[in-house]
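Beneath this line is the structure, given in structure tokens, with notes to follow.
Since every read-out is calculated from the coordinates, none of them should be taken as a lab result. These figures come from a predicted structure and were not determined experimentally. Neighbour counts are summed over all protein chains in view; Cβ atoms, including those assigned to glycine, are modelled from backbone coordinates with ideal geometry.
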Amino acid sequence: MAGLGKFLVRRALTFVPTLIGVTLIVFIIAYVIPANPVRAWAGGEKASQAAIEMIKKEYHLDQPWYDQYIFLVKGLFTNSLLDPLNQEPVFTNIGNRFVVTFQLALFAFFFVVLIGLPLGIISALKRNKATDMVLRIVALVFISTPIYVIAYLFIWLFFIHWNMTTLAGIPPGPPHQITHIPIIDDVLTLNWSNFVEQVRRFWLPGFTLGIAAAGVLMRFTRNSFLEAYSRDSTLFLKAKGVPKSRLYRHVLKNALVPVITILALQFGGLLSGTPITETVFNLPGIGRYALQSIMYLDFPALIGVTFLYAIVFVTANLVADILYAVIDPRVRF
Amino acid sequence: MAEEKVGEYEPREEYEMSILDRLSDRLIDGLASFITLFKKDWKRRNQSRIKEWKLMAYALNRSPPALLGLVIVIIYIFVGIFGPYLAPWPYDFFPVNYNYSTQLAPPGSTYFLNVTELQNGYIVHYMTYIHYPLGSDTYGRDVLSILLEGARTALVLDIFIILIGPTIGIILGLISGYYGGKVDEVIMRVTDMFLAFPGLILAIALSAVLPGRIQNFLNAHVWAQTLVLKLFALHPRDVNNLGKLLSVFVALVIVWWPGYARVTRGSTLTEKENLYVEAARAIGLPTRTILFRHILPNIIGPILVMITMDFGGIILTEAGLSFLGLGAVPPIPDWGNLINQGSQQFPQAWWLVAFPGIVIVTVVLGWNLLGDGLRDILDPRTRRSLEFKLKKKGKGGESNA
């Protein structure tokens, strides 16, 4: 573990160009927008010339492009960049919405692990039998089904038919806040009535979001288990006459190493993969904020959101690397 | 007891040539003869390659899911090519203009239309009826026709995005892995940037920004206009909607290369250490030849699997963009756009979500099944074991006789 600190510093340094690059890409996209965003921000066609000039000055739009870019990035870091549509700092907006997205990703992650891991292991244990064949095809169906199709099927089944969920608004969090993520606060403060309310609102979007990732995890777990099973150590255990249940326990331990690292990456993927789910299920999260900011040419907000996405991506990768090193003692930095 | 087990096990080790095997043999022989027409002696000089192809076909024939995938994919390509001609109604015929109750007609209903049209400068007036086997959309268009015509939109986008995006990725990956050093560092940092961007968000941002510019380009270049209209089988009237459609194409190309760059770089790094690469370098072959003739064929297997699965992935993303209201807009026929219309009328107009949904899931599943099967088929170990088993059968037959 001695090299961990050094490794972290080295990895953190490679993040810098990625973060700069991502914001720069958004900036370039925003820069080539043919429509004039200022008029839209100032209130559409009827905006007065004075208001337009003021906004231009406020966002440095009358300056050269590098000045605009520096203004935007500086604004992000000091949280002084205002979202032109509601005049609040961009990161305050994002913070309010991130809570929803994080909770959604937590629910999705729960379903991913609940479905993906056991089915993947069963599929590996019954390899090349009918069960395996069916489970493999099920995994592929999960991967092939787009959210915008399965979401409506689920809404029809669970909302219209059985009324097992709600789709309007989001329930407020518990009165006593610790982490600001309602569902975690509920568990910490033992507020069960609010917990049930949160689950009732979030379980279906989470399930929908998690389906595809569950399919990926199933396939990955199966392959990882089979790979671990074909090692020499397994052969040795078999020769030694170890009973099957203990043999599988050994194999499982080895197989779970890559699975846990992929879980970290999947959580990152779930966090940034929410736009369509949030649109369909009417949740005010990051994904919908990103979509809205694109629709309204609101690029200060868009830069903020993509900056957040980039941070999520690099963090997930870093966590995966660290987990891998912690679990597998052979890995050295 | 043990011998009994062996007896049970033995027959499964041998394979008989099935009808499919003979069919695929004949197909591959035909293809080889066809190539021989253009390249002299190709068939004789590539005997071993033809044999490998045949073994791949045998492996495919022994995997029912992959065969199912292949059948779905062939149907998709067939409908993609001929769909616009098979569709009973043109995509730009709006029955809602002639009979307002055709809007969102349920599946299986029939309506009379009182059509007044301008044909060759004459006003034509006639009565007709329209039957909706799968219902109609908000414009009263037949969903079945739109599904058939939308296959062309999906297929053309699919093929051209795959032709360009992965190619860029593979070339960058090869260069990055082969040269290493500063070149590698720069290319990989750029790749990381694009990977850190959620693909959907980048695609949405690009397809929201690009249409105007692409439309301007198309309006300035008539040949490009004609070409695109022909490709998508659209009427020249719709020329002003092309910018939006093509913006999705450009956006997805930009989103789709980084994954390939990374995978190709990884396998190039290990492959270039092999002796044959050094030998090629020693006899002074140009780098271009080493990269594309020597390294690429040896690492193409996993990339081909990835490409096959991405054919499905692109359909999903493209339909997702049109679901969000970007890209193809009516009257351009598109699967995702039907779902977009249906989502606003859900659950009354369930057929607008259900039927395009079933089509999308089936096609994507087909590509994924095929890709999953290809993974085994392209694995040389599968081929060797098959070769062995087939030979053994042949010998056994001889000794029995």
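Descriptive notes on the structure:
- Members of A:129/A:238; A:240/B:389; A:6/B:182; A:129/A:253; A:129/B:389; B:54/B:230 lying beyond 25 Å, as alpha-carbon distances in this model show: A:240/B:389; B:54/B:230
- Cα centre as origin, Lys/Arg/Asp/Glu Cβ charges: chain B dipole, Debye: 1400 debye
- Helix-only mean residue ellipticity at 222 nm for chain A, each DSSP H run of n ≥ 4 adding -39500 (n - 2.57), per residue, nearest 500: -25000 deg cm²/dmol
- Gaussian network model of chain A, springs between alpha carbon atoms under 10 Å - residue of A:134, A:257, A:73 with greatest fluctuation: A:134
- The Cα atoms of segment B:246-360 cover 70, 24, 18 Å along the three principal axes, with the biggest extent listed first.
- With contacts taken as Cα pairs under 8 Å and at least 6 residues apart, chain B reaches a relative contact order of 22 percent.
- Dimensions of segment B:135-175 from C-alpha coordinates, computed as largest minus smallest value along each principal axis and given longest first, are 52, 15, 10 Å.
- Largest to smallest principal axis extent of the C-alpha atoms in chain B, angstrom: 78, 62, 48
- Comparing B:186, B:121, B:223 along the charge dipole axis of segment B:102-251, the residue lying farthest to the positive side is B:223, per the Cβ-charge model.
- Distance histogram in 10 Å bins (all Cα pairs of segment B:76-218, percent per bin): 10, 22, 24, 20, 12, 8, 4, 0
- Charged-residue dipole, Cβ positions (Lys, Arg, Asp, Glu), segment B:267-357 about Cα centre, Debye nearest 20: 260 debye
- Cross-link partners of residue B:244 among aspartates and glutamates (Cα-Cα below 15 Å; sequence separation of 8 or more within a chain): B:318, B:334
- Exposure proxy order (Cβ contacts within 10 Å, fewest to most) of B:171, A:121, A:178, A:286: A:178, B:171, A:121, A:286
- Formal net charge of residues neighbouring residue B:65 (Cβ-Cβ distance under 9 Å; K, R +1; D, E -1): 0
- Dipole of the protein assembly as shown [Lys/Arg +1, Asp/Glu -1 at C-beta], most positive-end residue of B:251, B:235, B:270: B:270
- For segment B:330-346, backbone phi angles converted through the Karplus equation (6.51, -1.76, 1.60; θ = phi - 60°) give residue-by-residue couplings of x, x, 4, x, 7, 5, x, 5, 4, 5, 4, 4, x, 5, 6, 10, 7 Hz, Gly and Pro being listed as x.
- Over the protein assembly as shown, volume per residue of the alpha carbon convex hull, in Å³: 255 Å³
- The charge dipole of segment B:61-185, taken about its Cα centre with unit charges on the Cβ atoms of Lys, Arg (+1), Asp and Glu (-1) only, comes to about 260 debye.
- Ranked by how many other Cβ atoms sit within 10 Å of their own Cβ, fewest first, the residues A:46, B:54 fall in the order A:46, B:54.
- Value in Å of the Kirkwood radius, where segment A:149-301 supplies the Cα pairs that are averaged: 18.9 Å
- Note: chain A, Cα convex hull, 190 Å³ per residue.
- Gyration tensor verdict on segment B:116-162 (Cα atoms; rounded if a/c is under 1.5, prolate if a/b is larger than b/c, oblate otherwise): oblate
- Cα-based radius of gyration of segment A:46-131 once divided by 2.2 N^0.38 Å, which approximates compact folds: 2.02
- Separation of alpha-carbon centers, segment A:278-333 and segment B:361-386, rounded to whole Å: 32 Å
- Each of B:75, B:161 was scored by other Cβ atoms within 10 Å of its Cβ. Listed from fewest to most, they are B:75, B:161.
- Positive-end residue of B:59, B:198, B:370, charge dipole of chain B with Cβ unit charges: B:59
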